[in-house]
Amino acid sequence: MPANDTVYDVIVVGAGNAALSAAIAAREQTQSVLVVEKAPEYFRGGNTYFTGGIIRFAFNGLDDIKGLIPDMSETEANSIEVGQYTENQFYDDMMRVTHGLSDPELAEILVSHSYPTMKWLQEHGVRFVLSFGRQAFRDGDKFRFWGGLVVEAVGAGKGLSDQQFDVCEKLGVEVRYSTEGVSLIQDQMGRVAGLRVKGPDGFEDIAGRAVVLAAGGFEANAEMRCRYLGPGWETVKVRGIPYNTGDGIKMALDVGAQSYGHWSSCHAVAWDMNAPTFGDRTVTELFQKHSYPFGLMVNINGERFLDEGADFRNYTYVTYGRALMDQPQGLCFQVFDDKVKHLLRDEYWIPQATPAEANSIEELARMLDIDPVGLARTIEDYNAAVRTDIPYNATVKDGRRTEGLAVDKTNWAETIDTPPYRGWAVTTGITFTFGGVKVNNRGQVVTNAQDPIPGLYAAGEMVGGLFYHNYPGGSGLSAGMVFGRLAGNSAGEDALALKDV
Ligand SMILES: Cc1cc2nc3c(=O)[nH]c(=O)nc-3n(C[C@H](O)[C@H](O)[C@H](O)COP(=O)(O)OP(=O)(O)OC[C@H]3O[C@@H](n4cnc5c(N)ncnc54)[C@H](O)[C@@H]3O)c2cc1C
């Protein structure tokens with residue numbers, strides 16, 4: 001391990017999924033890799049720790065999934081229907097949900113590297129399991145995976161993070177906690193030659209041949225949220241850590257990086273009204289409420305305002321999280337009857353959630369502070385509009401819809417008529433921001449002229465250009481891994497080349 005006054009080959013800023021993927025890849029290329037992390041050790045893992053650990057990647061069938069889960073039993077393999085999710089499908093999903101705006105080169109890298117990168121982590125010892133709980137429903141004698149997402153890390157986000165730290169430790173990557181990257185150091189020629197940090201002993205300049213920035217977005221920075229996302233965003237709840245305050249983005253912009261991507265948009269979800277201001281490390285992602293395709297979403301007046309069944313949850317939950325902002329008091333209520341109880345995800349049943357249960361719609365409305373007359377009218381109109389002649393099937397877009405409502409529900413429309421009725425109050429919880437800096441196909445940060453800034457690389461949430469308006473669920477982790485590995489690999493290669501000069 002080099003002494004602190006020596007020159008590191010690669011310095012990585014942050015210790016989430018993107019950063020640790022970069023550190024592992026860099027260490028495969030070169031000798032000395034330092035990770036600096038702003039959070040204390042007990043708060044390590046970034047937003048990655050808070051995730052469900054569910055990862056989107058392209059695959060051609062069950063054999064590819066078995067390649068990631070080599071200990072899958074035959075019984076288990078015979079009980080599932082995973083279909084396939086080809087690179088073309090992943091690419092099409094990226095373009096479809098981003099209104100065609102995703103940078104084609106970045107999207108192509110994400111899609112084509114997604115499986116090889118999963119395999120690479122698996123070969124490093126990161127273990128995966130089938131995502132039965134969130135992404136599959138029983139359909140006859142099989143569990144059918146319905147949304148292109150099949151695999152999660154063992155132990156979810158915490159497990160992914162711990163396993164990546166284990167790999168780093170095995171490879172001899174040095175990690176310094178409570179150490180915040182403050183600014184980039186450049187040499188006379190503009191090459192990034194190190195990082196100024198503020199750690200437990202104060203400011204320090206650390207020399208490095210390459211720096212990979214993977215310090216997250218600006219979702220935890222109220223001032224930046226308000227400035228870039230718009231008024232009102234300063235008050236939303238943050239689903240993850242309080243450390244992602246745009247530092248990496250600012251450091252890169254300060255040395256001439258091109259700002260890139262959808263700065264005025266972000267990933268946000270329906271989040272329990274009683275959740276704390278920032279994420280809770282025990283509850284993690286379970287404050288989310290994502291089974292709305294099987295119920296109704298209403299505001300405090302009891303009015304519906306969107307098509308709960310427009311698509312699978314994986315393709316609507318982000319825009320719907322943002323849509324709550326426009327409702328009175330930024331609140332909304334998810335309402336279900338007893339028929340769909342078995343379809344509600346685990347997150348509905350945690351003790352920290354805000355449920356109400358009643359035997360009549362009016363009583364439920366009173367318990368949740370919804371206008372009872374408004375809610376009763378909405379449900380009466382909705383029930384009358386359900387096309388009960390179309391079969392109901394939660395595992396496919398079943399086309400079972402309502403007809404004639406101002407806002408129709410276009411799939412999974414089921415009458416709400418079987419007590420007990422249940423409801424949960426939700427508000428907007430921000431996950432991460434879509435604006436950032438531009439990288440090229442080697443993970444190098446580029447200027448507006450598209451020239452790489454020598455010695456500077458970036459990955460993860462702080463890379464702009466992939467996500468606009470919306471996001472296919474599970475692609476945050478794949479993007480972090482893919483671009484982290486790419487950036488770390490290039491940084492390691494370039495550091496090695498510099499040493500040889
Ligand atoms: C509740 C929740 C659930 C989610 N579920 C999923 C899911 O199931 N699947 C999925 O694909 N995505 C999910 N996401 C999104 C996912 O978390 C992100 O896309 C991904 O983890 C981002 O990885 P990252 O490495 O870029 O950022 P992070 O994991 O947030 O890492 C950034 C790190 O940088 C550190 N840092 C910040 N500033 C500095 C500085 N100045 N100096 C040093 N370090 C700094 C931070 O402390 C942090 O550790 C979820 C997010 C949340 C919040």
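The values are calculated or read from the model by the stated rules, or taken from the named source; none is laboratory data. This structure is a prediction, so every number in the text was calculated from the model and none was measured. Cβ atoms come from the backbone with ideal geometry, glycine included; neighbour counts cover every protein chain shown. We work out accessible area using only protein heavy atoms, side chains counted, and drop any ligands, DNA or RNA first. Shrake-Rupley method; radii C 1.70, N 1.55, O 1.52, S 1.80 Å.
When you check Leu306 against the structure, is it touching a strand residue (DSSP E or B) at 6+ places or on another chain (Cβ under 9 Å), open to solvent by less than 20 Å² (accessible area, probe 1.4 Å) and closer than 17 Å to Thr378 by Cβ, yes or no? I'd like the intermediate steps shown before the answer.
Working: touching a strand residue (DSSP E or B) at 6+ places or on another chain (Cβ under 9 Å): yes; open to solvent by less than 20 Å² (accessible area, probe 1.4 Å): yes; closer than 17 Å to Thr378 by Cβ: yes.
Taking the combined requirement at face value, the residue satisfies it.
Got a number for residues in segment 20-53 being within 10 Å of the ligand (Cβ to nearest atom) and either surrounded by fewer than 24 Cβ atoms within 10 Å (Cβ to Cβ) or assigned to a helix (DSSP H, G or I) (or both)?
Pass one, segment 20-53, residues within 10 Å of the ligand (Cβ to nearest atom): 20-22, 35-40, 43-53.
Filter once more, keeping what is either surrounded by fewer than 24 Cβ atoms within 10 Å (Cβ to Cβ) or assigned to a helix (DSSP H, G or I) (or both): 20-22, 39-40, 43-44, 46-50.
Of the residues in segment 20-53, 12 are within 10 Å of the ligand (Cβ to nearest atom) and either surrounded by fewer than 24 Cβ atoms within 10 Å (Cβ to Cβ) or assigned to a helix (DSSP H, G or I) (or both).
Within segment 437-483, can you find the residues that are open to solvent by 30 Å² or more (accessible area, probe 1.4 Å) and in a strand (DSSP E or B)?
The answer is Pro452, Pro454.
Yes or no, residue by residue, for (1) open to solvent by 50 Å² or more (accessible area, probe 1.4 Å); (2) under 22 Å from the mean Cα position of the chain (by Cα):
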{"site": "Glu108", "(1), (2)": "yes, yes"}
{"site": "Ser112", "(1), (2)": "no, yes"}
{"site": "Leu121", "(1), (2)": "no, yes"}
{"site": "Leu130", "(1), (2)": "no, yes"}
{"site": "Gln164", "(1), (2)": "no, yes"}
{"site": "Val173", "(1), (2)": "no, no"}
{"site": "Ala193", "(1), (2)": "no, no"}
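Pairs needed: first member in segment 461-478, without any contact (Cβ under 8 Å) to a residue 24 or more places away in the chain; second member anywhere, near the ligand (Cβ under 7 Å from one of its atoms) and part of a helix (DSSP H, G or I); C-beta distance under 6 Å; at least 6 residues apart or different chains.
Note: no pairs meet the criteria.
Results for (1) in contact with a Pro (Cβ under 6 Å, 6 or more places away or on another chain); (2) within 16 Å of the ligand (Cβ to nearest atom); (3) acidic (Asp, Glu); (4) touching a residue at least 24 places away in the same chain (Cβ under 8 Å), shown as yes or no for each residue.
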| residue | (1), (2), (3), (4) |
| --- | --- |
| Ser178 | yes, yes, no, yes |
| Ser183 | no, yes, no, yes |
| Val197 | no, yes, no, yes |
| Pro200 | no, yes, no, no |
| Ala207 | no, no, no, yes |
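Being in contact with a Ser or Thr (Cβ under 8 Å, 6 or more places away or on another chain) and either within 13 Å of the ligand (Cβ to nearest atom) or open to solvent by less than 10 Å² (accessible area, probe 1.4 Å) (or both) is the filter here, so list the residues in segment 484-498 that pass it.
Scanning segment 484-498 gives Gly484, Arg485, Gly488, Gly492, Ala495.
Here is a yes/no grid of residues against (1) free of Cβ contacts under 8 Å to residues at least 12 places away in the same chain; (2) within 11 Å of the ligand (Cβ to nearest atom); (3) of a type in the set (A, V, I, L, M):
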position: Leu229; (1), (2), (3): no, no, yes
position: Trp233; (1), (2), (3): no, no, no
position: Lys237; (1), (2), (3): no, yes, no
position: Ala252; (1), (2), (3): no, no, yes
position: Val255; (1), (2), (3): no, no, yes
position: Gly261; (1), (2), (3): no, no, no
position: Ser265; (1), (2), (3): no, no, no
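How many of the residues making up segment 195-223 are of a type outside the set (A, V, I, L, M, F, W, C) and open to solvent by 30 Å² or more (accessible area, probe 1.4 Å)?
Residues of segment 195-223 that are of a type outside the set (A, V, I, L, M, F, W, C), as a first pass: 196, 198-202, 204-205, 208-209, 216-217, 219, 221, 223.
Checking which are open to solvent by 30 Å² or more (accessible area, probe 1.4 Å) leaves us with 196, 198, 200-201, 204-205, 209, 223.
Of the residues in that region, 8 qualify.
Please list, ordered by residue number, the helices (runs of 4 or more DSSP H) wholly in segment 102-179 having 2 or more residues that are within 15 Å of Gly45 (Cα to Cα) and modelled with pLDDT of 95 or more.
Numbers: elements: 104-123, 132-135, 156-171.
Output list reads 156-171.
Could you list, in sequence order, the residues of segment 240-263 that are under 12 Å from Ala458 (Cβ atoms) and in a loop (DSSP other than H, G, I, E, B)?
Listed by number, the residues that qualify are Val255, Ala257, Gln258.
Has segment 364-373 got any residue that is of a type outside the set (Val, Ile, Thr) and under 19 Å from Lys409 (Cα atoms)? Even if it seems obvious, please write down each step before you answer.
Going residue by residue through segment 364-373, those that are of a type outside the set (Val, Ile, Thr) are 364-369, 371-372.
Now narrow it down to the ones that are under 19 Å from Lys409 (Cα atoms): none.
Taking every residue of segment 364-373 in turn, none turns out to be of a type outside the set (Val, Ile, Thr) and under 19 Å from Lys409 (Cα atoms).
Results for (1) at negative phi; (2) in contact (Cβ under 8 Å) with a residue 12 or more places away in the chain, shown as yes or no for each residue.
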residue	(1), (2)
Glu28	yes, yes
Val35	yes, yes
Asn47	yes, yes
Ile54	yes, yes
Ile69	yes, yes
Glu74	yes, no
Gly83	no, yes
Met94	yes, yes
His99	no, yes
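Taking Gly232 as meeting all but one of (1) over 19 Å from Glu180 (Cβ atoms); (2) modelled with pLDDT of 95 or more, write down the number of the exception.
(2)
Of everything in segment 414-436, what is crowded, with 20+ Cβ neighbours inside 10 Å and not in a strand (DSSP E or B)? Give them in sequence order.
Residues of segment 414-436 that are crowded, with 20+ Cβ neighbours inside 10 Å, as a first pass: 414, 416, 421-436.
Once the filter is applied, which keeps residues that are crowded, with 20+ Cβ neighbours inside 10 Å and not in a strand (DSSP E or B), segment 414-436 yields Glu414, Ile416.
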